Structures are given as C-alpha cells and as structure tokens.
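These notes concern the structure reproduced below.
The values are calculated or read from the model by the stated rules, or taken from the named source; none is laboratory data. Just so we're clear, the structure is a prediction, and the values are computed from it rather than from any experiment. Counting neighbours? That spans all protein chains shown, and the Cβs are built from the backbone with ideal geometry, glycine included.
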Amino acid sequence: MSESILSRRSFIQMSGAGAVAMSGLSPGVTDGGAHEKPVNPDPQTHHFSMTIEEAQVTIARDLKAKVWAYNNQVPGPLIHVVEGDTIEAAVVNNTTATHTVHWHGVPMTGTWWMDGAPGINQEAINSGGGEFTYRFVANRPGSLWYHCHVEVPNHVGVRGMWGPLIVDPLEPLPIEKEVTREAILMFTGWNSKVANDYFATEDPTDHLDFYSINGKCFPYNQPIRVKEGDVLRLRLYAATVGVAFHLHGHDMLVTHQDGLPMPAPYWADTVAVAEGQRKDVIIRMNNPGRWPAHDHNEHHLSNGGDTPGGLFTIVEYEGIESDPWYLWAKKEYDPDFYFSESLKQGYGLIEQSGFKADAVPDEAGLAAAETVQVRMMDRGPDGTAKVFDPGFVRISRGQSVEFVPWDFGHDLESVPGLIPEGAAPFSAPKNAGALVRFDKEGLYAYQCIAHRAIGMVGLIAVGHSSHDKAGFAEKIASSPELSEGARLRLMALLEKL
Amino acid sequence: MSESILSRRSFIQMSGAGAVAMSGLSPGVTDGGAHEKPVNPDPQTHHFSMTIEEAQVTIARDLKAKVWAYNNQVPGPLIHVVEGDTIEAAVVNNTTATHTVHWHGVPMTGTWWMDGAPGINQEAINSGGGEFTYRFVANRPGSLWYHCHVEVPNHVGVRGMWGPLIVDPLEPLPIEKEVTREAILMFTGWNSKVANDYFATEDPTDHLDFYSINGKCFPYNQPIRVKEGDVLRLRLYAATVGVAFHLHGHDMLVTHQDGLPMPAPYWADTVAVAEGQRKDVIIRMNNPGRWPAHDHNEHHLSNGGDTPGGLFTIVEYEGIESDPWYLWAKKEYDPDFYFSESLKQGYGLIEQSGFKADAVPDEAGLAAAETVQVRMMDRGPDGTAKVFDPGFVRISRGQSVEFVPWDFGHDLESVPGLIPEGAAPFSAPKNAGALVRFDKEGLYAYQCIAHRAIGMVGLIAVGHSSHDKAGFAEKIASSPELSEGARLRLMALLEKL
Amino acid sequence: MSESILSRRSFIQMSGAGAVAMSGLSPGVTDGGAHEKPVNPDPQTHHFSMTIEEAQVTIARDLKAKVWAYNNQVPGPLIHVVEGDTIEAAVVNNTTATHTVHWHGVPMTGTWWMDGAPGINQEAINSGGGEFTYRFVANRPGSLWYHCHVEVPNHVGVRGMWGPLIVDPLEPLPIEKEVTREAILMFTGWNSKVANDYFATEDPTDHLDFYSINGKCFPYNQPIRVKEGDVLRLRLYAATVGVAFHLHGHDMLVTHQDGLPMPAPYWADTVAVAEGQRKDVIIRMNNPGRWPAHDHNEHHLSNGGDTPGGLFTIVEYEGIESDPWYLWAKKEYDPDFYFSESLKQGYGLIEQSGFKADAVPDEAGLAAAETVQVRMMDRGPDGTAKVFDPGFVRISRGQSVEFVPWDFGHDLESVPGLIPEGAAPFSAPKNAGALVRFDKEGLYAYQCIAHRAIGMVGLIAVGHSSHDKAGFAEKIASSPELSEGARLRLMALLEKL
C-alpha cells in the first residue's frame, strides 16, 4: 500500500468510520443488544418551554409569509443535546390551528405516543392555548430535526414549522473530532400565492416559487465565513425541498446520512439530498477565495423568477480582500446565521434573535388574533370524519370565531341550554358559514344538525378565567338536545379546558 | 475489534453481503464467466395467462380512474419465481389501445425480442384481442417489476400498468434469511384531470395530484402489521414517482438497489428511491407502537390538496391497544394488501381479489367496449410516421370504430373491393373523424387518401369467426386501388389475423 | 473465498477502486499533502479560443430554441485534457447579454478569480465583444463540465450554455483501462414557451416540456452503437434535469460520482443522477440486441406531450438485423453524437460539426444582432442594485440599442457633454423604454436621473475603431453633470473599452 493511500486514509479514517457506522446506531432499535450501545455516563434531562406563535417572516425583498413559528422563530430554535440525554419539552400552542411536534430521527424507544403524528400516535395539540409535554430519550445521535406533523403540505411545506435537533454522538468518528467549524443549512420552499393566507384551499405545495436557506432567499441570507486550515462540517437538511448541493472550489466528503455514519464515505462536488434527508459533509478549507455554494436545480435559484436568488450562498475565506463589484461587499454579517455560534453555546434549547419573526400585521383594522377560524369539515386533519376543527377553542371576550364551510353540507347551531345564560344563540347555515362575536364569558357548545348523531360538535370557552367545568359537565350529561355521540365528544372536549 | 462491532456485523453480515453483491448478479450479463453463476438445480417453467383489460379503479374517495389493468388488477398480479426459472406468459390485449409488457430488470439474455419496447425490440400487441407470448429465463434475482412500454407517460404514468416480479435469489444474503415478514410498496401518481379520458391530448404527467401506494391513497390503503421481534423487509418500488421514504421509530438498513445486494449497506431514516428504482430495506421490529411510514415530499402527501393523504401508511405492532381518536381504529384489515400473504403462496402468478378493478361504467348508454378507437396520427406510439393506431382491429358484429383525428390532415376512405360484398363503404373526412358501426362480418381495408403511398392503411376484422385470409391476401395483391406501400403494409396487418 | 468472488473481483478491481478512490483526488484540495498527488510528468498548456454566439438550435421537430452557444455549438465543444494540464481559454462574448464560464468540478486551486461566478469571483463578460481569458490548472480528474453562471435558470436552464470537460486521470482505475467505447450523455430540459424569447419575464424553469440528450429529443437523437465484447463507459451528465437512467438488458456498475471513483461501486439497472451531478457507469456489452436506454421519469419521456420522445435512446449491437417496423430502421447514423469519436482525437478543444447551431432568423426584417438590449434593472444579474445591464455596450454604426424597463421607475437620459459632438441626445422615459439608433461613431454616456447618485450609468461605444479613451476620461472627470458615484462607475466602464 502506497504512502499516499495511507495518508488519505488518515484523513478519512475509513476503518474508524466503518466501525462507528456499525456501532454508532441505537442498538435498542436495531439490534436489541444492550451491550453494544455506548452508555452516556452522565445523562442530562433538559426541560424546554416551547410555544407556537402566529407570526410573519420576510423571506426575500418581495415576499413576506405568514407562519406558525416555534418559539416565534423560523427556523425554530436549535435543540442541542448529547446521545442518551432526556428531552422534556412543554409545548403551548398559541395559534388558531392545531399542531404537533414530530422529532424526526429520534426512535422514541418505548415512548411511541411522543412521536407527534396526529390521529396516529397522539391527538393534535389544540389551538388557543393547547398544551402537550413531550418527554423522551434522545438515544440516537446525529443531525436530526423537528417539525409539525399536522397537514404537512401546509404546516411544514410553507409555514416554517421546522428546526434543527443536534444529538452529539458519544463516540464521534475521528474525522468529526477534527472539525473546527460547523454550519447548519435548512433548505425549504415557499409559495407566494398562499403566503398571506393560512388556510388557502389550494394545495400549498402545488407551485413553489421562492426557496430559502434557514428562512432567507439569496441574497438576503448570509455568507459562510471560514479561514484557511479550517475543517468545515456542513449539515445539509433538505427540510422541504430536495437539493443537489454544489460547492465551488472543493470536493466534499459525504460522511453521514440522516445523522448516521456511512460505511463507505464518498467524495462529490454535488451532493443530492432528498426531501426529509440530511447529509453531513466535511471539507478541508485549503483553497482561499470566494466560493459559491448552491443547489444545482435551476428552478431553486430564483426568487419568484428574479435572479440571482434562492438556494445559494457564498463561502468566504478570511483575508480575501473585497472587490467593489462583489455583491456582498457591504454585507452586514451575522456569524450565527448557520447556527455556528449557537452550536458552541453548550447544550439545551438555544434561541436566536436573528430568526425571530414579526407580528402578523393588522388587516382591515382587525388583528388576526381577534378572529379564530373553525373549519366545518368532512375529514379533519387527523383523519376523523365530520368534525369542527379545532373542536375546542379558547378565546377572549370580544373576540370572534369564523365558522368556515371547508367541506359543504354542515349546518351549525348552538346547543340550547349549553351556552351561558343570557347569551345569544348562534348558527352557521349550511354552505354559508358565519362570523360570530362572543361578548359574554362562559362555555358555548354547538353542533351540526345533520351529523350530531356521530358526534360532530364543538366547544368554545370565552374568557381565560376559570369556568364551571363540573357544572357544564352535568349539563352535558342531562341535555335532551344531544345524541349519545355528541355527549361523549363534548365531554372529551371539555377535558381540554 | 470490539465486541460491539462484531455483534453489529453479525446482523449486517457485511462480508457476506459484499460477497454476494459481487457474485449474485447474472454473470452471463456482466462477466461472461459461466463458472460464477449459481446454478438452479431444478429450474421450473411457469406458464401464465395474462390479459389486459379496460377497467376502472377507485384510488381515493374523490378519484376513480380509467385504467388498462393486467389481469384486471391494479397493481398487476404478483409474479414470483426462483432465479433460473423460465417464464412463459401468454398475453391477450382486450383493450382498444396497443400495449406490451416490459420485464424491468430481467436481462433477457439471448432473448432481446422479448423485452417489450414497441418499435424497438417488438411490435406492440394489437388492440381488440391481439396476442403475444413472452418466454425468457429469469436469470437475475431481486425486486423486479413489469410494466407496459407503449406511450409510457399515459400507460405507465396514469393507467395502472405495473406489477411486481419477485425473483428469489439462489444465494440469499444471510440477513435475507432472517426476514420474517415482507411487504411490497409500489408508489405511483395520478392525474385527476385525465383520469376519465383514456386519450386526453394533454401530457398526463404534467400535473399529478393524487399519489398512491399499491393503487390506494392514504387513508384508503392499509396498515403494515408486525409483531415485536419480526425482521421486516420492505421492497420499495418508485414505480412512477420518486420518493423519500421515512419510517418513524426505526432506522432502516438499505440492503438492495434494484434487487441487487449493495456492497456497502447503509442506515437511514429517510430512503430516496428515484423513478423506476427499487430499494429493499430491512428493519428489526423491536419498538412497539403505531408508526407512520411515508414519503417526505410534501407534495405527495395530499389527495388533490386534501390532507392527510397520498404516500402514507402506518406500521402497527400487534398488542398495541387502539385509541378512540386513532384514525384507523375501525379499519377493515386486508392482510395481503402489501402482498405479504401472496409472497408465501409459492411460485407462479398470484392474483389478488383485493386489487381487482371494476368495469368501466356505461356512458351515454353505450358500453365502452362497444366502441374501439382508431387514431389517425402523424407519428404512432412506436415512432413510425403516418399511421392508423391500432392498424389492425378485431371487433364483434354490431360494434363501432371511432376514427379520431389525433393529428390532422388525414382523409380516410375504405378501399373499394377490399370490404365484404354488400357492405357499405365508409370514410372519415379530414380533421373530422367518424364513428362507424360494422354490422357485416368480414375484413375491411381502408387508407388515407393523402398518405396511402407511404402505407397509411388499416384493417378491421369484424366477427371472431374464421376469415378468408388467403382470399383476402389475393385481393390485396391484385387491387388497383393500392400503392405498393399500402399493399405491403396491408399484408403485414393481415398476418395479425 | 470462492472462485466466483475472486473472478468478480477481477472485474471490479474493488481494492484498486478503493485505493484510487482514496488517492485519486486532488490532494491539494482535500489533504494538503503534496506527496500524495500523482504528478503529471509532462503537463501541457492548452490555448483555446472560445466565443459565445446568438444562435438557434432545433431540439425536436416541433421546437426550435434561441440559445447562446459556446463556439456556436449545443452542447459546447468537448474540452479534453490530462490531469495536471493547464487550460487557457480566451473567451469572446458576441451576444447581447453578459455571460461567464464556470468550470464545474475544477478546484481552481489558487485561482479562485477564474471560477466564473459573476459578482462573486469575477465580473461578468460584457456583451457586444467583451473578452476574458480563463487560465487554470485542471488538477482534478474526471467527468467535469463547464457552463455559464449568469442568471442560471435562463442561461443554463434553457439556453444551451453547457459542454463537457473530460480530465483524464493520471492513475485510472483498472476497470477504466478495460473500456473500449465511451459515450457522453448530457441531459437537459427546454421550455417551449420562452424558447423564442431570450428575455421572457417569466421564470424559464417554471414548466419544462421538452427534454434532450446532447441537445436532441428522441427520436431526433442517435443510437449508441456497440459490438459484443465492448466494455462501454457512459458518462451521465444531469446538466439541467435530474434523471433516473435505465438501461435495458444489462446491469450497470456505477464507478464514479462527479468524476471521482466511488469507494464502493454498486450495480443498478436504474441510476439516479441529480441536477449538476455526473455518474460514470461501466457495462460489459455481452447481450446482443436493441436495447432502450432512458430516463424512467415519465414526464421526461415526451416532446411537449408527444410520445415517444424526450430522454430516450437505443443501444444497438452490431450484427443485429434491422426490422421493417424498427423506428430507427432508416436512421442516418452520426458516430460522434455521444463524443465517442471526439474523445479519441487527442487533447484540446474539439469542435463538432453535428452540434453547430443555425443563425437566429430575421424577425420583422431586422437581424437580431442589429439591436442590442440594455435592461434598466433594480437588481442586476450579478446582484448589484440599480444598474443598466449590460452597462457597457459596443456596437457598430447604424445599430440600435433597445432600453427595456425590466424593473420600473428608471428615467434615462444621455449625459450632456458626454456624447459625440453633433450627436443627438437621447432618452428613455420612465416605465416606457426606447429604441435608439446610433449613426455616429464615438462614446455615449447616459444615466438614470433618479439614481445617478448611486452610479446608475451606462456607456455605449459606437464603431469598432479606436476611441479617444483618455480624452473621454478627462471629460468624465470634469463633467458637472455627474455625481461622484456616476463618475466612478463610468470610469470603470470605460476600462472595458
């Protein structure tokens, strides 16, 4: 074996990579052999508070988008732990839609009800203040992520509901230990047609026309700054769009797929990452210059047709003098845009001011939050038939609820005896819907006249002060207006109070 | 080498995989060394009858699609043989379009004319009862498939003409022998706009909006049921759409590409399969729960915009209690939806009642099968210029033929002297077409007035009883109405009788 | 280890492949260890003249497209050198748009300003005769390519600005030495809607509807002819569209990604190549017949909806008798369509008559070259704000310049004192633009009234004879009509003279 091969090997540490590739996975999941699993000698439990907010982000000069933002950020905050740590995340949903958190790549060993798939392994977290606490062991290392799992073409596809979850391995590859600089790149698309309408009826992924890295289209994003001698690791997340990532001036060693070491790392100048996948690449930075780094799918390289744009950034070496014609000559630099600084801040949930979203602007003089939307549906986001979605809504006095005929044929009326004394009955005629303002505190039950037999009912709590839950439960139990199905479903909804 | 590595290896059998990866391919194709090929000690010959039918399938609540169905099924029936076996499949085409069967992945060593590419290695099988018998050795193992090769954006893209062909290897990998449960998942798309029109003029793949696994969109498909301890093999077929397949709760070991063992199997939580490819993944089922398994391309996760939907299913462990909110709580279970039962039924062609299609409904009081369509084309599906397609049609007495001006400028007339005595001449004026009913048995020749010189002619056989083929050949030979090109082509068409 | 495995190994030369995979990369880029790099004992310097021309190509019977063609070819000419050779390419841009050449896969070690990304590592090459000479060492072997890097969705996506660059390795793999026949296949898409309009305002990649191999859609392209016993190498370039390439009758060994040997070559019948990537596959041709070879994405298999079409070709073995129904029975054969002959012609830039483009046809009696277009833009193709693009234009006497309001709000006027004596002032009113004919030789400066303060100016040189550059510089320096920003920018533009 020639010296050159040995030398190359000392970079790749092929045998090392192979070994860890074989042993680095959660053996509980794949082998059942507990003796294999590296043991975290000092596992931590991280308690996080997470919220989901209605907000607006600016993706490019020409595009603002309404989002549901984890901790009011797009991307959501970095969550950074060590393999074997426990995560306890208390989530509050402050929006008018239901949501969840799916922890993509975490095996959820023995905790399948923490997986975040609505109607499958949990109920969706209710709108208007619904809460759910996720608790699980992060027993699988790598570049993981989290995202909502409700109506994914909308929530994940175009509403910014994704963020990075990095689980440091207990036994990193030799080459990982050489890394001096890290960057996380989350690739996603946007649809300018529905950006301003949370509940547009068209398929939001039908025609994407803006594409961003970490929520910003080129040139509104940031350079990746390095210095000669750095060993750079890029964690490439094809969060919602597949990419063919090309780096100029360097070949990349593809070391990890979905956070797991590859048995045969390979070199490439253009790395394909399919939707949902992550690939980690490691690069020796030994060729000073200014180097484009971008998706090679041309459709992802404009902002609604304007070029340059889209999934494009620039690797800048320190010490390269700028030029007057350099398009980022006067760029205001944010060293944490790719989470490089956040990743050094120790473990936990790390928020980032640069990703904070703006408030949703007033429209027609009415703050968006003043109206909550309830859809009258044949099939709800969790797959159940004939539902109001969300079924339970908590609002303030003076707020309104818009009942929207999402599917048609649903004829809504408030249930006599199940609204506060003195409050006006309300209805939403078939195929027409209604906008109803609630000025009196208390609990309001309503039902679909046609489908109450199968439990198509809803509950509205007006006022955030305490309600007479027990008293209302009694009314439900004894009401002659309710079918058995409606009674059971209302009881379940009351539990959400 | 640590114990954990050895233990991991005992699962992957890496060296074993590598060895078979090297030797498991058909050496006739790749090496020319017959000494390498594992020899089937007892090769079987399987005789199959296959038909192609006009039928209708229900893909989702909101979508019925007209298909051409192999043995009246979508997917087509499972064909299951052992490496080295011979397949003899007698195909009868009962539809009004031409078709073939391409056996994707079979090398067709020494039998290239059995490969199923029309105009390249065979003539398309004629409509109205055309027959062709494929005979070849299945000398290459793995997850193969079959599909039509005529006008593929239509026939394969949106007409359901695909089915699985599993060729068991003579020398399976060690890990394959551990498998306790198998599932075949064929991913395809649909276009609701053309679903009801076999011959829509727009490109049927221009805008797909429904996506199915084995012909059904979620939630109209089925769970994959397993029990703890199972070793599950998923055979992922990207039959017409590429997927990024994500399984919750488990990492997958990718063991085979296109049916062939990979030299370096790798772990992933999201596996990319490009159009036409197959990847086999193997998973230890040791994490009980209910786990989504789905494409991560959000555009493939709705049914025409409705969510949840599309390329999505659920892995259910035995023993997990259901929940009232579980969207498949009342699912009627079909244990063979993923061919799991069919694969255990021994070898041969295995039909499946669950995949049987419905009859195409009557339209305007006329059964579809009563009218056969002949297109007047500048370029036929096999690439030849100026043709009637199909050129030869066999119908029953009382059936009609609709001559459709697919491309314009073709002016059809029956050839004097080449229709049955007493039968009425017929024509289809330029750009207009015609619907012609045939009430008299016998043979009818017709031609394009403008292009008869280059052989643009057609032949219709009315009545399934015997025809005077020899007598008609004499008439063709002596007719003063025919050009030489027309004469030659008519003779060839007569051979199809 | 069985004999069969050894035998297989002798074909793959797995250990050899692995070894070269490790050592075959440019160590300057990846390792910093000069001792590793194989040294070219006799490096050559290749001097090429390249031009960029406005031209028209015929992609399919139904589609002609306006292109910007390297050396008037689509694909651009083959460039073929040995690892370690130096390339010096003097490029002249004879079109009315700005362009560059990016050398995809060349590390540009120590020559980052030769990388071809406008506004990042070089200024774009000006229209109307602009020149730039690229000089760099091709120190990284493999299937590389070159393409424009200006407004890539248009220039690369649908204007034919791509060609192959093959850098022969100093240390080829054993299997590479066995190759007897080579073919280069560049896969790209086209958009018939914008094909006739260089500057259509819509995103040209929004809806591709034609797909070609080496610039021709099936069946207007060519067969790949082989003989039994050949070892065929296909270099698959997903230049602008990703493909899933399926070869009938043979499995392919995937040996190289992006020109670099893979550590674990694998077998496949369908090979995925993402946008911008290249994969080399090697096949033993030992199964005589006629075999389709095509993308398996059905949307890429029609010509604007007509089938057969698109990314499809046929491998023809010598000695297979044709059939009357074979759609290429009368094909006029071009043995160099896949560069097979060009690759044998030694090193250098090898033009090919078969790929030469046609002149752009006259429109409304005016040759396209007689009018040069200048766009008034908020953001130029290199990302700079408020520019005329191109800023500098050189035309002949009698030619016209069309000032196009690409973005609106720009109000153009010629600068008093900075046009030739006796020439008429000109202007282009806000939002309207203007077509201005220049009949007098000399230099013309103009500016945007609203944005001259930030240097939104342009310069036109009429007549190709020498101009009084120094005198004009003095006028610029002393003009009271110019802001400081305008003065600086005009000086820079004058340097382009």
Only one of (1) away from every other protein chain (no Cβ under 14 Å); (2) of a type in the set (Val, Ile, Thr); (3) part of a loop (DSSP other than H, G, I, E, B) fails for C:Val57. Which number is that? (3)
Scanning the range B:114-135 for residues that are touching a strand residue (DSSP E or B) at 6+ places or on another chain (Cβ under 6 Å) and within 12 Å of chain C (Cβ to nearest Cβ) gives B:Met114, B:Gly116, B:Ala117, B:Ile120, B:Asn121, B:Ala124
Before we move on, is A:Ala445 out of contact with any Asp or Glu (no Cβ under 8 Å at 6 or more places or on another chain), outside the structural domain of A:Ala124 (by TED's automatic domain parsing) and free of Cβ contacts under 8 Å to residues at least 12 places away in the same chain? no
Taking the range B:344-374 only, how many residues are more than 30 Å from B:Leu78 (Cα to Cα) and modelled with pLDDT of 90 or more? 1
Residue check for B:Thr96: surrounded by 22 or more Cβ atoms within 10 Å (Cβ to Cβ), closer than 19 Å to B:Asp389 by Cβ and away from chain C (no Cβ under 14 Å): yes
Within the range C:171-204, residues surrounded by fewer than 22 Cβ atoms within 10 Å (Cβ to Cβ), within 12 Å of another protein chain (Cβ to nearest Cβ) and touching an Asp or Glu at 6+ places or on another chain (Cβ under 7 Å) come out as C:Ser192
Among strands (runs of 3 or more DSSP E) entirely within the range C:311-419, at least 2 residues that are in the same structural domain as C:Ala445 (by TED's automatic domain parsing) occur in C:371-379, C:385-389, C:392-395, C:400-404, C:412-414
State whether one or more residues within the range C:391-399 are over 33 Å from the mean Cα position of the chain (by Cα) and hydroxyl-bearing (Ser, Thr, Tyr). no
May I ask you to verify whether A:Gly116 is surrounded by 24 or more Cβ atoms within 10 Å (Cβ to Cβ) and closer than 27 Å to A:Gln44 by Cα? yes
When the residues of the range C:205-253 are filtered to those that are among the small types (Gly, Ala, Ser) and over 17 Å from C:Leu301 (Cα atoms), which remaining residue is nearest to the other protein chains (Cβ to nearest Cβ)? C:Gly249
So, in the range C:387-409, exactly how many residues are of a type in the set (D, E, K, R) and either without any contact (Cβ under 8 Å) to a residue 40 or more places away in the chain or within 13 Å of chain A (Cβ to nearest Cβ) (or both)? 3
Per-region count, the range C:313-333, residues more than 9 Å from every other protein chain (Cβ to nearest Cβ) and either among the hydrophobic types (A, V, I, L, M, F, W, C) or surrounded by fewer than 22 Cβ atoms within 10 Å (Cβ to Cβ) (or both): 10
Only one of A:His256, A:His294, A:His299 is surrounded by 24 or more Cβ atoms within 10 Å (Cβ to Cβ), farther than 21 Å from A:Pro75 by Cα, within 25 Å of the chain's Cα centre (by Cα) and more than 7 Å from chain C (Cβ to nearest Cβ); which? A:His256
Out of the residues in the range C:456-470 that are farther than 21 Å from C:Gly398 by Cα and modelled with pLDDT of 90 or more, which is surrounded by the fewest Cβ atoms within 10 Å (Cβ to Cβ)? C:Met456
For the range B:260-277: of the residues being of a type outside the set (Asp, Glu) and more than 8 Å from chain C (Cβ to nearest Cβ), which is nearest to the chain's Cα centre (by Cα)? B:Val273
Restricting attention to the range C:274-293, the residues that are assigned to a strand (DSSP E or B) and within 22 Å of A:His299 (Cβ to Cβ) number exactly 2
If we scan the range B:129-146, do we find a residue that is closer than 22 Å to B:Cys217 by Cα and either touching a helix residue (DSSP H, G or I) at 6+ places or on another chain (Cβ under 6 Å) or surrounded by fewer than 24 Cβ atoms within 10 Å (Cβ to Cβ) (or both)? no
Please find, among B:Ser340, B:Ser322, the residue that is among the small types (Gly, Ala, Ser) and free of Cβ contacts under 8 Å to residues at least 40 places away in the same chain. B:Ser322
Give me a count of the residues in the range B:389-399 that are over 20 Å from B:Lys496 (Cα atoms) and surrounded by 15 or more Cβ atoms within 10 Å (Cβ to Cβ). 0
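Every residue, every condition in (1) closer than 30 Å to A:Gln399 by Cβ; (2) polar (S, T, N, Q); (3) modelled with pLDDT under 95, yes or no:
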residue: A:Thr45; (1), (2), (3): no, yes, no
residue: A:Gln56; (1), (2), (3): yes, yes, no
residue: A:Val67; (1), (2), (3): yes, no, no
residue: A:Ile79; (1), (2), (3): no, no, no
residue: A:Glu83; (1), (2), (3): no, no, no
residue: A:Thr100; (1), (2), (3): yes, yes, no
residue: A:Ile120; (1), (2), (3): no, no, no
Requiring at least 3 residues that are over 30 Å from C:Glu316 (Cα atoms) and outside the structural domain of C:Ser400 (by TED's automatic domain parsing), the strands (runs of 3 or more DSSP E) wholly within the range C:90-183 are C:102-104, C:130-137
Using the structure shown, decide if A:Ser192 is in a strand (DSSP E or B) and hydroxyl-bearing (Ser, Thr, Tyr). no
